[in-house]
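Peer 1: My questions will all concern the structure given below.
Here, each number is a calculation from the coordinates, and none is a lab measurement. Quick caveat, the model's predicted, so the values are computed rather than measured. Backbone-built Cβ (ideal geometry, glycine too); neighbour counts: all protein chains shown.
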Amino acid sequence: MKILYFELRKEFIRKSFFFMMIILVIINFFWLEWDYHTNGGFTEDYVKVNASEKENKYYEELHQYLDGKLNAEKVSYVSEEYQRYHNLVSGDYSTEYDSSMHTGYAFGDYSLLTVHFYNPIKYLITYKELNDGLLEKAEENIRFFSDKNNKYEVEKNSFILEHYKNRNPLYFYETGGWKHLLSYDKSDLFILVLLIVGIIPTFSKEKKNAMEIIQITSAYGRKLYIPIKLIAHIFVAVWLELLFGIINYVVIHMQYGLSGTKMMLYSINEYRYTPLNISVIEFYLLEVLSKCIGFAIIAVILTMIARLIKNTYAAFIAMIGYTSVFLYFSGFNSGITFVENVLTLISPFSLLKLGELATSLKEIKFCGHFMTFHSFLYGVQATLIVILLCTMLVIEKRGK
Amino acid sequence: MIRSELYKVFIKQHLILFLFVFLFLNAAYHIVTGYDTTTVIRNSESYYTSFFDKYEGKITTEKTTQIKEEYKKLEKDTVNMLSNKLEKQAFESFYHVYLYESDSGSGYLTDTRGWESILCHDNINYLLAVFVVLLGVMLFSVEYENEMNIMIVSTCGRNRLTGCKIFIGIAGAIISASLFQIVHIMYLVSTIGLHHADYPLNTIEFYENSRYGISLGTALLFKFIVTILGCMLLVSFAMLMTVLLKRREICMVLAVLLVILPRMIFSNSSILYRIPWITPLLSANGFFWPDRYTHQIIDNQLKKVIVFQAIETKTMLIVLSMDIFLIVLSSYIVFGKFSNHRKSKYIKMTSKILPCLLICFCLTGCGEISEDKEVIIDGTLNAQINMTIGGNMYYIDQNENLVYCEDAKNNIIAITRNIIPLQQRITNIFVDAHYCYYLLEDDNSSNIIVRSVDLESFEDKLVYSAGSDNTEDFYGLRKDESNDADEILKNIATVNWFIVTDKVIYYQKNSAIYKCSKISGKQEIIAEAVSDDEVQYLKGVLHYTDAHGKKTSYNESAK
């Protein structure tokens, strides 16, 4: 649509905006690199970039052998190696450099094997058994709560039975890169900055150069004046999230080598109790989609602020204030009280935190029925946006 | 001309209003966040300050003798009153300060909490930063947007006008930086006090290894001046970006990013203080921090690793000189650009290249007890691990972290039926005719959670929670202060017992009884120095035994 293109050209398809965007993309890239060089690669005991050549070599060799679908041979190899090192470090062992050790030190070998291979593989092997235990409890609960006529608990346990069944993660890959990708949120700040830069002058400029009155009073402009701006801002918000989503994936893939894209999300220990039965790559795409929706809603609210406050500086302060306050509200996503849940639900920034919400099953009781928190969050946000848009429409009509 | 420029910015653009609002928010922020203190001192503030009132000043032989006598006196005191406990705890904290000052400190005793609040943190005052950015942008943006700049910068008045604007920007930055800092200082002076500014800097334990032999007052003055310098640099950059980019929205956002990005990226590192930039000047304190260490296992050995390297005097002077140079350079470029000096090819070139270079530097049981029914609880620890009511025994399986009920026929039913394991531990249960209440505790927090299970429908509901911690870190700008040892010990301590009534919950932790409102969530201490004896609740009155063995009661309706 031409009018959409013209609207985008006013504030977004401009040299200054592209200049800012490129600067922020570069800063994002440097930030990812800085993160990787100070705390990246392995986790916990070892930082890959600071590890010695021998440590890195041992780590790579083990991954080369063990990556992929686990079989009896791989599992027994890891168990035997673990037992061997465990017996070694349980007694008297030398803390001096030993060239026969893979890392150069007995405890180094033991630590690297245990933390990065034995423990994750043990987690994968024992997952099914523990999960089956949860499913048995869920089945028992369904029978129990059906007798007690407790609809909510029956629905909740049925949901668990439905979504947690048939889980048997047997693919082993390095998960550090995926954990970092799924929890990286610094690019959200840059998207917010770009949205604020583009949205602030949307209405104030046209009021200043008297174009607003011309547009509002024209037959075509009267209907589309605000809607087209909203559409343009939503378009830019979604586009920016997709851009940064791709950049983050490419950079982290170059740093960590994100292998095992088809590995299930619950193969990562932190996501052990996630209700989502999807692969890590699918979860990342879902996260990007959730953020697109979140940023679209944020763009709509920022547009409303710019519409209501025509003074550029006051609008700037109001947007920073809104961002700070609602970002703070979204920090209550692990809360359990009514007030904490309400604050989390009304904040669109909660949609940017799928990575945190998906680590476990968080539920809401709505009219006696079970709903997952995340679905309810989408519903609440959709309702709030519709109410805000209708309110704005009413104010506009009254103003005319 | 200055007057008209001031009118343009402060009155027409309403900057004066922003100033008042921001100053008010700044004051509110300092009141809400308070000053540095530990949990122990907070609980025994009056005792703690009384020791300093008695022994403040240079440590002499006479004072040493008196302090040691006081120490012996309190050690021998065996009375188990809470007030005595608090006095002992306060003296222990005071004695720690005394030991530090006499061994490796300055030899002077004083309450340094006020000084610690202002000198031991490298937080940036973001309200001040945003205000200074607004000032810098407002000065030049208006003329560019209404294209008056072409008319105003005529041959006659252009130098004077530009000079006025730059002067107002710099002066405004100095005045606003001073005002914001004075608000903070005034708050500290009126609450905890900033006494003895002439004492050496190493009077504060944080600065034990500081290489600077300056006084506390000198350190504060240095911080004051460096923050002003930071604001001057920030306003210069804001003015520079406005004359170069001419778009106020982009300038405002970029200027704020210039402040927050280095902080997010470099965080606690000393690298931040080695670059001539705005952020280290606004933090200021890091310039005279001493070396800071942590311990890590490297090559299978426990080694001391430096996490913050003290800034050498030479480096500091170089950085500050470069900052002053940058202020002068940016003001010069602003002057040349806005005044439209044609012979300034050099200025035009540097004004394009320099910002790019500078930007590249930017390398963060609900049923309620009926009041008529008497409740008797054994007040000892772990007494509520199991309860027998109506022939049914309710108990906590501590391995599985679940609550079970065993009836008279030895049938066992699970009361709590969560599938996903709970993050907190179930430590106590309380059962009445209709509900089984269970209390959850977490070692990382002193907050409790009370939930109930309806014994008919087995519906699990939240009854009370003191609230969880907010996990938002604002992209690395907000750092969690780690708990002190007393806070950690308080978190680990377990609740002895709890009772749920119509509107409130009572529980005992350590030797204090707490009352929590189910409606407002407010929590208050209603009794201290309580023994572990039996507790009774009947008709709105809680009966308990104090530390002296005396039976005491608390009447809800009397409050």
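Peer 1: Say R0 is 51 Å: what FRET efficiency, to the nearest 0.05, do residue B:186 and residue B:503 get from their beta-carbon distance?
Peer 2: E(calc), rounded to 0.05, equals 0.75.
Peer 1: If you don't mind, another one. At q = 0.14, 0.17 Å⁻¹, what log₁₀ I(q)/I(0) does a Debye calculation on the Cα points of segment B:216-331 give, no solvent, two decimals?
Peer 2: -0.65, -0.86
Peer 1: For a Förster distance of 25 Å, can you work out the FRET efficiency between the beta-carbons of residue B:178 and residue B:24, rounded to the nearest 0.05?
Peer 2: It comes to 0.90.
Peer 1: Along its principal axes, what span do the Cα atoms of segment B:39-110 show, with the longest given first and each in whole Å?
Peer 2: 34, 24, 19
Peer 1: To the nearest 500 deg cm²/dmol, what mean residue ellipticity at 222 nm is calculated for chain A from DSSP H runs of n ≥ 4 alone, each contributing -39,500 (n - 2.57), summed and divided by the residues?
Peer 2: Rounded to the nearest 500, the figure is -23500 deg cm²/dmol.
Peer 1: Stick to the Cα atoms of segment B:386-555, pair each with every other, and give me the Kirkwood hydrodynamic radius in Å at one decimal.
Peer 2: Working: mean 1/r = 0.0567 Å⁻¹.
Over segment B:386-555, the inverse of the mean reciprocal pair distance is 17.6 Å.
Peer 1: Using the Karplus equation 6.51 cos²θ - 1.76 cosθ + 1.60 (θ = phi - 60°), what ³J(HN,Hα) coupling, rounded to whole Hz, does each residue of segment B:23-31 give in order, writing x for Gly and Pro?
Peer 2: Going residue by residue, I get 5, 4, 4, 4, 5, 4, 4, 5, 5 Hz, with x marking Gly and Pro.
Peer 1: Based on the alpha carbons, how large is the Rg to Rh ratio for segment A:219-337 when Rh follows Kirkwood?
Peer 2: Radius of gyration relative to Kirkwood radius: 1.09.
Peer 1: If you don't mind, there's one more thing I want to ask. For the pair residue B:471/residue A:10, report the inter-label distance in nm, with labels modelled 7 Å from Cα in the Cβ direction.
Peer 2: Result: 4.0 nm between the two label points.
Peer 1: For segment A:84-146, which GluC sites (Glu not before Pro) pass both filters: DSSP loop (anything but H, G, I, E, B) and at most 10 other C-beta atoms within 10 Å?
Peer 2: For GluC sites (Glu not before Pro) across segment A:84-146 that sit outside H, G, I, E and B with at most 10 neighbouring Cβ atoms in 10 Å, the list reads A:96.
Peer 1: Limiting things to C-alpha atoms, what are the Rg and the maximum Cα-Cα separation (Dmax) for chain A, in angstroms?
Peer 2: Cα only, chain A: 26.2, 89 Å (Rg, Dmax).
Peer 1: What distance in nm lies between label points placed 7 Å from Cα along the C-beta direction at residue B:271 and residue A:285?
Peer 2: 3.7 nm
Peer 1: Same structure, new question: If one computes the Cα centroid of segment A:181-245 and of segment B:398-476, what distance in Å separates the two points?
Peer 2: Taking the Cα centre of each part, segment A:181-245 and segment B:398-476 sit 47 Å apart.
Peer 1: Short version: what are the Cα gyration tensor semi-axes of segment B:159-299, square root of 5 times each eigenvalue, largest first, in whole Å? The partial results should precede the final answer.
Peer 2: Working: eigenvalues 208, 100, 29 Å².
Calculated on Cα positions only, the semi-axes equal 32, 22, 12 Å.
Peer 1: Where is the GNM fluctuation largest for chain A (alpha-carbon springs, 10 angstrom cutoff): A:179, A:229, A:262?
Peer 2: Sorting by GNM fluctuation, first place goes to A:262.
Peer 1: Another question about this same structure. Using the Karplus curve 6.51 cos²θ - 1.76 cosθ + 1.60 with θ = phi - 60°, what ³J(HN,Hα) values do you get for each residue of segment A:352-369, in whole Hz, with x for Gly and Pro?
Peer 2: 7, 10, 4, x, 7, 5, 7, 6, 8, 7, 10, 10, 10, 9, 10, 6, x, 10
Peer 1: What list of ³J(HN,Hα) values in whole Hz, one per residue of segment B:530-546 in order, does the Karplus curve 6.51 cos²θ - 1.76 cosθ + 1.60 (θ = phi - 60°) give from phi, with Gly and Pro shown as x?
Peer 2: Result, ordered by residue: 9, 7, 8, 6, 4, 10, 10, 10, 8, 6, x, 10, 9, 9, 8, 10, 7 Hz.
Peer 1: Continuing with this model, one more query. With r defined as the distance between the Cβ atoms of residue B:389 and residue A:132 and R0 fixed at 35 Å, what FRET efficiency is calculated, to the nearest 0.05?
Peer 2: Approximately 0.50, to the nearest 0.05.
Peer 1: Also, I was wondering about something else. Would you kindly calculate the mean projected area, averaged across all directions, of the convex hull enclosing the Cα atoms of segment B:1-137, in square nanometres? Display every interim value, and only then the final one.
Peer 2: Working: hull surface 48.9 nm².
Averaged projected hull area, Cα only: 12.2 nm².
Peer 1: Still on this model: Exactly which chymotrypsin sites (Phe, Trp or Tyr not before Pro) in segment A:214-315 are in a DSSP loop and have at most 15 other Cβ atoms within 10 Å?
Peer 2: Of the chymotrypsin sites (Phe, Trp or Tyr not before Pro), not one in the loops of segment A:214-315 has a Cβ with at most 15 other Cβ atoms within 10 Å.
Peer 1: May I pose another question? If each residue of separation counts as 0.36 nm, what is the full-extension length gain between residue B:409 and residue B:423 once their alpha-carbon separation is subtracted?
Peer 2: My answer for the length gained is 1.8 nm.
Peer 1: At q = 0.09 Å⁻¹, what log₁₀ I(q)/I(0) does segment A:48-172 have when each alpha carbon counts as one equal point scatterer in the Debye sum?
Peer 2: Values, matching the q order: -0.43.
Peer 1: If each of residue A:54 and residue A:139 carries a label point 7 Å out from its Cα toward its Cβ, how far apart are those two points in nm?
Peer 2: The two pseudo-label positions are separated by 5.2 nm.
Peer 1: Taking every eigenvalue of the Cα gyration tensor of the protein assembly as shown, multiplying by 5 and rooting it, what semi-axes result, largest first, whole Å?
Peer 2: 50, 39, 33
Peer 1: Related question: With respect to the cross-link table entries B:68/B:88; A:229/B:12; B:223/B:304; A:156/B:503, which display a Cα-Cα separation exceeding 18 Å?
Peer 2: A:229/B:12; B:223/B:304; A:156/B:503
Peer 1: Taking H as built 1.01 Å from N, whose amide H comes closer than 5 Å to the amide H of residue A:333, not counting residues under 5 places away?
Peer 2: Long-range HN contacts for residue A:333: B:471.
Peer 1: Here's a follow-up. List the residues whose amide H sits under 5 Å from the amide H of residue A:105, counting only those 5 or more places along or on another chain, with H placed 1.01 Å from N in the peptide plane.
Peer 2: A:98
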